[in-house]
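**Q** Pasting in a structure now, in structure tokens, and then I'll have a few things to ask.
The values are calculated or read from the model by the stated rules, or taken from the named source; none is laboratory data. No experiment lies behind these values; they were computed from the predicted model shown. Quick reminder, even Gly has a Cβ in these numbers, built from the backbone with ideal geometry, and neighbours come from all protein chains shown.
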Amino acid sequence: MRTSPIGVAVIGAGMAGRSHAYAYRAATTVFDDRLPAVRLVAIADTNQQFAADAAHRYGFARAETSWQALAAADDIDAVSVVVANSLHREIVEGLLAAGKHVLCEKPLAGDLADAEAMVDAAARSDLVNAVGYTFRRSPAVSAIREQIRPGSLGKPLHFNGHYWCDYGCDPRAPISWRYRGGPGSGALGDIGSHLIDVAEYLCGPIEAVSGGTLRTVVPERPVPLAAALGHARVEVSDQTQPVDNEDIATFTATFATGAVGSFSVSRVAFGLPNSLGFELFGETGAATFDLARPAEFLFCDGAPSSVTQGYRHVLVGPQHPYIDRGLPMAFPGVGHGNTEFFTYQARAFLEQVAGLEGLPPCPTFADGLHTMRLIQAIADSAAANGQRVSVTSTEQRRESRLTAGVAV
Ligand SMILES: NC(=O)c1ccc[n+]([C@@H]2O[C@H](COP(=O)([O-])OP(=O)(O)OC[C@H]3O[C@@H](n4cnc5c(N)ncnc54)[C@H](O)[C@@H]3O)[C@@H](O)[C@H]2O)c1
């Protein structure tokens with residue numbers, strides 16, 4: 001078990017990079033005091049102003065303009081990679097080669113070949129490799145998961161989930177890295193990857209997908225005239241560039257257990273900035289989660305007597321996962337949200353770096369690769385008029401590429 005301080009850094013000072021920076025700052029304030037001291041060493045962003053601003057706000061000692069500066073630094077042990085997906089592979093491989101533990105944002109990479117290479121690179125090291133599926137850190141989602149057992153929800157039969165956002169609704173919203181890449185790298189990779197992870201966290205692995213439909217609604221977008229954080233609006237030019245990937249994705253899925261899933265993902269869902277939600281129907285109960293009310297969930301089972309049976313509105317509190325000592329005021333009805341999910345994720349990652357047992361460990365690059373395979377399967381299904389595609393078919397494709405000696 002490690003007792004010496006852990007030096008942490010974040011690459012990317014955008015919307016999500018700031019969430020990681022905040023989370024490292026908060027990680028020692030929650031749960032027990034076994035975590036070694038966490039030194040907030042550096043934030044790197046090619047935009048110097050963003051790096052300096054984030055380092056200052058979150059109390060990091062240095063601002064850098066290249067990830068290589070972090071890789072070369074002796075005082076950094078663990079790094080979050082929080083930049084555009086197509087940049088993940090080069091940076092992660094460089095960090096692993098430099099001996100850093102890595103927490104990489106989702107989706108794991110810009111494409112399947114990059115994700116496969118990242119898993120291989122991680123397998124060659126004994127460093128922690130983690131992927132940023134923050135919604136499985138939701139106390140409500142975790143509480144629902146605990147009820148998937150006989151006598152409560154029972155075996156899952158049907159997961160019906162959506163992740164609807166409106167950041168792409170306005171055709172004048174500027175082009176960015178989010179609109180570039182092949183089929184599956186749009187709304188499906190950006191937000192659908194979270195929904196897929198939540199579904200599998202609750203129902204186990206998905207085996208096959210069908211009915212894949214990908215649709216681009218806004219085919220081109222204006223070029224921004226200034227750097228933007230996340231979905232922030234900036235002035236745009238009259239010039240436009242093509243959108244490469246989907247605004248909307250829908251599909252159905254079959255889980256290995258035989259449960260079925262129906263999924264709907266959109267970045268052009270008018271009026272819904274960040275709406276992740278699901279209904280889960282089990283053999284003997286049902287549960288509903290809505291991110292707009294993250295500290296609550298609805299639950300229904302055979303109790304009490306039939307005349308008052310129905311969905312109960314449950315306020316998350318210390319009797320549920322994460323809340324006891326996970327909030328300064330750990331009391332039902334106090335409320336919590338996205339920022340805490342990042343804090344619990346950072347805490348779990350640092351516990352793994354320190355060799356401590358505590359929170360559920362982070363999903364690995366291999367888990368991130370599995371999602372990428374699913375995304376490829378959904379894109380393949382869409383290209384084949386909704387045909388059923390198994391996840392193993394995307395694994396076999398790699399095997400045949402390797403057998404043919406094609407570099408991946
Ligand atoms: N887990 C979540 O809830 C969540 C939420 C949003 C985004 N994300 C993920 O986080 C990643 C970043 O998304 P975002 O919304 O923060 O993007 P963003 O566009 O807001 O920020 C990206 C930042 O990276 C910087 N950058 C670009 N190239 C760089 C380089 N070579 N080295 C260092 N910095 C560089 C940019 O200047 C920008 O500040 C993506 O993988 C995204 O999918 C995760």
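**Q** Looking only at region 219-256, count how many residues are among the aliphatic types (A, V, I, L, M), surrounded by 17 or more Cβ atoms within 10 Å (Cβ to Cβ) and modelled with pLDDT of 95 or more.
**A** So the answer is 4.
**Q** When the residues of region 169-187 are narrowed to those that are over 19 Å from Leu108 (Cβ atoms) and within 14 Å of the ligand (Cβ to nearest atom), which ends up surrounded by the fewest Cβ atoms within 10 Å (Cβ to Cβ)? Before the answer, list the steps.
**A** From region 169-187, those over 19 Å from Leu108 (Cβ atoms) are 169-176, 179; that's our starting set.
Subsequent filtering for residues that are within 14 Å of the ligand (Cβ to nearest atom) retains 173-176, 179.
On the way: Ala173: 24, Pro174: 22, Ile175: 20, Ser176: 16, Tyr179: 24.
Among them, the one singled out is Ser176.
**Q** Filter region 16-48 down to the residues that are surrounded by fewer than 17 Cβ atoms within 10 Å (Cβ to Cβ) and β-branched (Val, Ile, Thr), then identify the one that is farthest from the ligand (Cβ to nearest atom).
**A** Thr29
**Q** Can you tell me which condition Val307 does not meet? The list is (1) in a loop (DSSP other than H, G, I, E, B); (2) among the aliphatic types (A, V, I, L, M); (3) surrounded by fewer than 17 Cβ atoms within 10 Å (Cβ to Cβ), and all the others hold.
**A** The single condition Val307 does not satisfy is (1).
**Q** Considering only region 171-196, state which residues are out of contact with any strand residue (DSSP E or B) (no Cβ under 8 Å at 6 or more places or on another chain) and either modelled with pLDDT under 95 or within 12 Å of Phe263 (Cβ to Cβ) (or both). Walk me through how you get there before you give the answer.
**A** Let us first name the residues in region 171-196 that are out of contact with any strand residue (DSSP E or B) (no Cβ under 8 Å at 6 or more places or on another chain), namely 177-178, 180-182, 185, 189-190, 193.
Passing the criteria: Gly182, Ser193.
**Q** Test Glu283 against the criterion of being surrounded by fewer than 15 Cβ atoms within 10 Å (Cβ to Cβ) and of a type outside the set (A, V, I, L, M, F, W, C), and give yes or no. Before the answer, list the steps.
**A** On the way: surrounded by fewer than 15 Cβ atoms within 10 Å (Cβ to Cβ): yes; of a type outside the set (A, V, I, L, M, F, W, C): yes.
Yes; evaluated as a whole, the condition is true for this residue.
**Q** I'm checking my understanding of the structure. Among residues of region 195-212 that are surrounded by fewer than 22 Cβ atoms within 10 Å (Cβ to Cβ) and at negative phi, which one is nearest to the ligand (Cβ to nearest atom)? Don't jump to the end; show me each part of the working.
**A** Initial filter on region 195-212 (surrounded by fewer than 22 Cβ atoms within 10 Å (Cβ to Cβ)): 201, 204-205, 207-208, 210-211.
Those left that are additionally at negative phi: 201, 205, 207-208, 210.
Working: Tyr201: 14, Pro205: 21, Glu207: 25, Ala208: 25, Ser210: 26 Å.
Applying the filter and picking the extreme gives Tyr201.
**Q** Same structure again: Could you check how many residues of region 310-325 are in a loop (DSSP other than H, G, I, E, B) and touching a residue at least 24 places away in the same chain (Cβ under 8 Å)?
**A** Summing the residues that are in a loop (DSSP other than H, G, I, E, B) and touching a residue at least 24 places away in the same chain (Cβ under 8 Å) in region 310-325 gives 7.
**Q** OK, next. Would you check if there is a residue in region 56-70 being within 11 Å of the ligand (Cβ to nearest atom), of a type in the set (Lys, Arg) and outside the structural domain of Ile323 (by TED's automatic domain parsing)?
**A** no
**Q** Give Arg221, Arg215, Arg233 a once-over and let me know the one that is more than 16 Å from the ligand (Cβ to nearest atom) and more than 19 Å from the chain's Cα centre (by Cα).
**A** Checking each option against the conditions leaves just Arg215.
**Q** Let me spell it out: the conditions are (1) within 17 Å of the chain's Cα centre (by Cα); (2) surrounded by fewer than 23 Cβ atoms within 10 Å (Cβ to Cβ); (3) part of a helix (DSSP H, G or I), and Ala121 meets all of them except one. Which number is the exception?
**A** Every condition holds for Ala121 apart from (1).
**Q** Let me ask something else. Just to be sure I understand the filter: pairs with C-beta atoms under 6 Å, separated by 6 or more residues or on different chains, first member in region 328-341 and assigned to a helix (DSSP H, G or I), second member within 16 Å of the ligand (Cβ to nearest atom). Which pairs pass?
**A** Matching pairs, first to second residue: Phe341/Thr134; Phe341/Arg137; Phe341/Ser138.
**Q** In the list Asp190, Asp166, Asp244, which residue meets the criterion of being among the acidic types (Asp, Glu), closer than 19 Å to Asp367 by Cβ and within 16 Å of the ligand (Cβ to nearest atom)? Even if it seems obvious, please write down each step before you answer.
**A** Details: Asp166 fails: closer than 19 Å to Asp367 by Cβ; Asp244 fails: closer than 19 Å to Asp367 by Cβ.
One residue alone meets the criteria, Asp190.
**Q** What are the pairs with Cβ atoms under 9 angstrom where one residue, in region 180-207, is among the basic types (Lys, Arg) and the other, located anywhere, is assigned to a loop (DSSP other than H, G, I, E, B) and within 11 Å of the ligand (Cβ to nearest atom)? Sequence gap at least six, or different chains.
**A** Here the result reads Arg180/Ala84; Arg180/Gly110, each pair linking region 180-207 to a residue that is assigned to a loop (DSSP other than H, G, I, E, B) and within 11 Å of the ligand (Cβ to nearest atom).
**Q** Show the residue pairs that are 6+ apart or on different chains and have beta-carbon atoms under 9 Å apart, the first residue being within region 18-29 and among the β-branched types (Val, Ile, Thr), the second being more than 16 Å from the ligand (Cβ to nearest atom) and assigned to a helix (DSSP H, G or I).
**A** Thr28/Leu350
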